[in-house]
Amino acid sequence: MMKKLTLFSMAIVCLIFSHCSKEVHVKEDQNYHIYVEEARAFFDKELASTDKLTRRHQLMHSPDWSQAVKKGEGAREVLVVPILFEKDLTVKLDNRNVSLSVQALTKLFFYRDDDDKVVAEVVTTIPDGLALNNKDPDRQFTGMVWMETWAGRSIRNYRYTTGGNITSFELGSEVQADLQAKMKDLDI
């Protein structure tokens, strides 16, 4: 199960990166490389002491730098770093008897923007029932992808459906309040 989840996570990284790279125009003479040392320095300076807005984000302890992996296409790179949680959370999908580890679904992405500044985003991939039952490794991911700041502010959210359809959505205030209430009920 863990090996499948790791392969699944890497497939999501590639899918997200390929989707995002379509929106960014890369200058031919500029490289957007990112290194673990500079991502770590950025994290320590800009993010480590940030006040977190949600209980889920408060449980995010630190990046697991030893497991950092570079992903990229051409001159564009993304450094994907697993996040260690103080207490792992689980999410249950579609009233199924399957619980997934939020820690395993959540990664910290570092990359350079068009102005050559380091950017960090927390990316959580939540597969739907089709993705969980998928036995075909070539089949596209279906489910939701949440992109947030380290502090917990939503950046953008996408729903991936069959046929390669991708739609953006926002978590309404009622959904955010419901999620916070559920987490409070779970004492997390």
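Rule-based calculations on the coordinates, nothing more; no lab input. Please read these numbers as outputs of a predicted model, since none were measured by experiment. We place every Cβ from the backbone using ideal geometry, glycine too, and count neighbours over all the protein chains shown.
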Kirkwood hydrodynamic radius (C-alpha pairs) into Stokes-Einstein, segment 88-143, 37 °C and 0.692 mPa s, D in µm²/s: 246 µm²/s
Electrostatic dipole magnitude of segment 68-152 [Cβ: Lys, Arg +1; Asp, Glu -1; Cα centre; debye, to 20]: 340 debye
